[in-house]
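Some notes on the structure that comes next.
The values are calculated or read from the model by the stated rules, or taken from the named source; none is laboratory data. What you see is a predicted model; the values in this text were computed from it and never measured. Here the Cβ positions follow ideal geometry from the backbone for every residue, glycine too, while neighbour counts run over all protein chains shown.
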Amino acid sequence: MAQPQLKQVDAASPELPLLTLIRMSALDCRVAARASATACATIDPTASSNVFAAQLVKILPQVLERRPVIWRPGTRGATFDEEWLLAVVDAVRRGDVDSERFLLRRRVKPASLHTVRLLVRGMAQENERPN
């Protein structure tokens, strides 16, 4: 059986800060309590991307119905789950609602779509603001 080709995310990649944020949030969430998808609706829309990323990583096992594979920060390459998250954020940033909807509906339980969309959009907006 052929080995899957992993996308190489290098130090110059514009995706690296977001991927690092997702990985750091996942690392923090490994020791934190899981959150319910409905509790995430109370997040302040002006919260930082760290808050959105932490909540998203906490609910991913629940909304995907399986534990996502997210590697440690600094690891070369990206997993399918990380690539999927980056693709959803990219679709949001480009304003490509059709791609966003497709990517979310292919993996997220219907009851959790609104919450995941809220969290992904929060991460995308925060990460495209100038420093």
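A few points about this structure:
- Selection of the range 59-90 for residues being of a type in the set (K, R) and modelled with pLDDT under 90 yields only R76.
- A single member of R67, R76, R106 is surrounded by fewer than 14 Cβ atoms within 10 Å (Cβ to Cβ) and within 15 Å of S25 (Cα to Cα), and it is R67.
- Conditions (1) modelled with pLDDT under 95; (2) over 14 Å from L18 (Cα atoms); (3) buried (at least 21 other Cβ atoms within 10 Å of the Cβ); number of the one not met by F52: (2)
- Whichever residue in the range 72-131 is β-branched (V, I, T) and more than 14 Å from the chain's Cα centre (by Cα) and, among such residues, is farthest from N50 (Cα to Cα): V97
- Taking the range 24-48 as the range and being modelled with pLDDT of 85 or more and buried (at least 21 other Cβ atoms within 10 Å of the Cβ) as the test, the residues that pass are S25, A26.
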